[in-house]
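S.K.: This is the structure I want to talk about, given as structure tokens.
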């Protein structure tokens, strides 16, 4: 018996939902950020599985670009978290409310 | 890939992902994420994405996670106070996640078999997933996106340095 492509998509869906859950229920900026990385990886898994199913390399090229964007995003995002911590002495998303209606 | 290998990778992956979300201390979250990313790299390897698997280990489990751990250490967080309990928000978030998994998961399970293509188990051409095949696509059809990526990385470097710099000195 072999593993159908849909199982990979279900796994990717599960990982994406867990990441989204992390963004929604956690208030620590760093943990929220890690959850976003998890969501990006879930999408990468879907890309790779479908590239394998369709036998085209473009899916893997897309994963390459997603990784690059994730690296850039991590660098800028963590710099912002550092700057926020310097100003407010907190990484709690609820206390960073200057721009909230 | 046999179902056994799939579940050997998938079940710990889901558990460690839950660990990222549920762990109290950020360091534990980060370490759970490292394990989950390594398992994902193994799964990429099983899916004939050899170059992507290597990149996953180097870029994600290596560079990005080191960055995360550095920032956690730099911030020197005191033991985080228990996060303000908001049962309503939490319940809504869990409900939406479950709904998302059910809808998209069911759609994948029922809709995908109709998708044309050789399937995950069919034999692949010799070079599929290799560095050579990836580079061939990257430097021909996606050359422009590749070049734009270098600009993006440059902007990100400059932006990160400017934002993280101490102002006023």
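The numbers here are math on the coordinates, done by the rules we state, and not lab data. Remember, it's a predicted structure, so these values are computed and weren't measured experimentally. Cβ: placed from backbone, ideal geometry, glycine included. Neighbour counts: every protein chain shown.
S.K.: Name the residue, out of A:33, A:85, A:16, whose mean-square fluctuation peaks in a Gaussian network model built on chain A with Cα pairs under 10 Å.
M.R.: Greatest mean-square fluctuation among the candidates belongs to A:85.
S.K.: A further question follows. Relative contact order, percent, of the range B:1-73 when contacts are C-alpha pairs under 8 Å separated by at least 6 residues?
M.R.: Details: 61 pairs, mean separation 20.9, N = 73.
So the answer I get is 29 percent.
S.K.: Shape of the protein assembly as shown from its Cα gyration tensor (a ≥ b ≥ c, root eigenvalues): rounded if a/c is under 1.5, otherwise prolate when a/b > b/c, or oblate?
M.R.: It comes out oblate by the Cα gyration axes.
S.K.: Would you mind ranking B:18, B:40, A:11 by Cβ crowding within 10 Å, fewest neighbours first? Please list the in-between numbers first.
M.R.: Numbers: B:18 16, B:40 30, A:11 26.
Exposure proxy ranking, most exposed first: B:18, A:11, B:40.
S.K.: To continue, here is another question. Could you work out [θ]222 nm for the protein assembly as shown from helices alone, using -39500 (n - 2.57) per DSSP H run of at least four and dividing by all its residues? Round to the nearest 500 deg cm²/dmol.
M.R.: Numbers: 10 runs with 191 residues, N = 270.
Calculated mean residue ellipticity at 222 nm is -24000 deg cm²/dmol.
S.K.: Over the Cα atoms of chain A, what radius of gyration and what Dmax do you get, in Å?
M.R.: So, for chain A, Rg and Dmax equal 16.9, 57 Å respectively.
S.K.: Under the definition of Cα pairs under 8 Å and six or more residues apart, what whole-number percent is the relative contact order of the range A:8-66? Please report the intermediate quantities before stating the final value.
M.R.: Values: 56 pairs, mean separation 19.8, N = 59.
So the answer I get is 34 percent.
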